[in-house]
Each structure stands twice: as C-alpha cells, then as structure tokens.
1. Based on the mean of other Cβ atoms within 10 Å per residue, sort peptides 75-82, 18-25, 48-55, 116-123 so the most packed one is first.
2. Let me know the charge dipole size of the chain about its Cα centre in debye, to the nearest 20, where only the beta-carbon of Lys, Arg (+1) and Asp, Glu (-1) is charged.
3. Can you put Leu144, Leu11 in order of accessible area, largest first, using a 1.4 Å probe?
4. Just checking my list [x] 21.6, 79; [y] 20.5, 85; [z] 18.2, 75 against Rg and Dmax of the Cα atoms in Å computed from this structure; which label fits?
5. Over the range 26-81, give the accessible area per residue in Å² for a 1.4 Å probe, as an integer.
6. Using protein chains only and a probe of 1.4 angstrom, how many square angstrom of Asp68 are accessible, to the nearest 10?
7. How are the alpha carbon pair distances in the range 80-145 distributed across 5 Å bins from zero to the largest one, expressed in percent?
8. Of the accessible area of the chain, with the probe set at 1.4 angstrom, what percent is carbon plus sulfur?
Amino acid sequence: DRMDIIATNALGRALHAAAYAHPRRPVNLARHCFLDRASAEQFYPDWHGAADAIVAILRAEAGRDPHDKDLQDLIGELSTLSADFRAKWGAHDVRRHATGEKHFHHPVVGTLDLLFESAELTSEPGWKLLIYPAEPGTPAADALALLASWAATENRPTTTQTSERA
C-alpha cells in the first residue's frame, strides 16, 4: 500500500521499465509519478487521474496504519519535493483500489488499456498481488504479447562461444 513494487515477473518489470530506470529500490510508483514527472506523464496518458489514485491509496493506507514509519517517510519526502503531491494530498481523497481499468503508454508497444485486480495477501498484511490482464483478441492483448517478446529479448543473457581446435 506504499506503492512499492517488491516482486514482479519479467512482463511486469517490462511494463514498469520507466520506474525501474531509477536506481532506488524498492521501485516505488508514487515516487515515479511525482518525482520523475516527465517520465510518468509519458507513461500515464491521464497523469492527473493516476496521480489522484496514487495519493488516495496512500491516504487510505495512512488511515489504516498511521504508525507506519516507512509510509510517513514516503509522504514526507513526496510532500517536500513535489508541489503537485502536496496539493493532491490536501484534497483528503481516500480510495480503495481493488479492480478496474488502467491506461498506460509504453515506449515500446504504445497504448495499453488493461484490466486490473488487486488481491490482499492474508499471510502478509499490507501486501497485495496486482494482476493486469488484457481482454483476449484486443489490441492490448497483442501489445502485451509484443511486450513479453521484447522483455524476453532484452533480458536474454548474451553468450560468446569459443571453439578451440587441437
């Protein structure tokens, strides 16, 4: 609920490649949205809507666990470094973000209109599993397949073969 990506598969990493470009770990979608605004505006076609959703999720988590030091540190960092975050935080919007549709623009495959499902992990309170499926037969499904292919190619280890003859 702090918007950290703590684990992902290769396709999820490829989808969020822009957020992974920053060396700070764990990757945090709120930091990407507000502190790397130019990149985030390219990734989120509706940056304001995405930013509003991120702030509302953070505010809901702050209400659920007001003593979470890491969350308070994140809110303090974003408040200090982003006037946009301060303004949106001041709106006091709270939202549960469990299912719906998300819109992305990926530099490799273009527009991705994906569904999403969020599932609480009962064994790890505060952790969620996010799933981004595409409707079969849609341009988004084709784009995801292309992105998976691109990710597999990008992450393939390069090997050099040497041949020695005696």
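The values are calculated or read from the model by the stated rules, or taken from the named source; none is laboratory data. Fair warning: this is a prediction, and the values are worked out from it, not measured in the lab. No Cβ is skipped: glycine too gets one built from the backbone with ideal geometry, and neighbour counts run over all protein chains shown. Surface accessibility is based on the protein's heavy atoms, side chains included, excluding ligands, DNA and RNA. Shrake-Rupley method; radii C 1.70, N 1.55, O 1.52, S 1.80 Å.
1. Top of the packing list down: 48-55, 75-82, 18-25, 116-123.
2. I would put it at about 340 debye.
3. Result of the area sort, largest leading: Leu11, Leu144.
4. [z]
5. On a per-residue basis, the range 26-81 sits at 44 Å².
6. 20 Å²
7. 3, 14, 16, 14, 16, 19, 13, 5, 1
8. 53 percent
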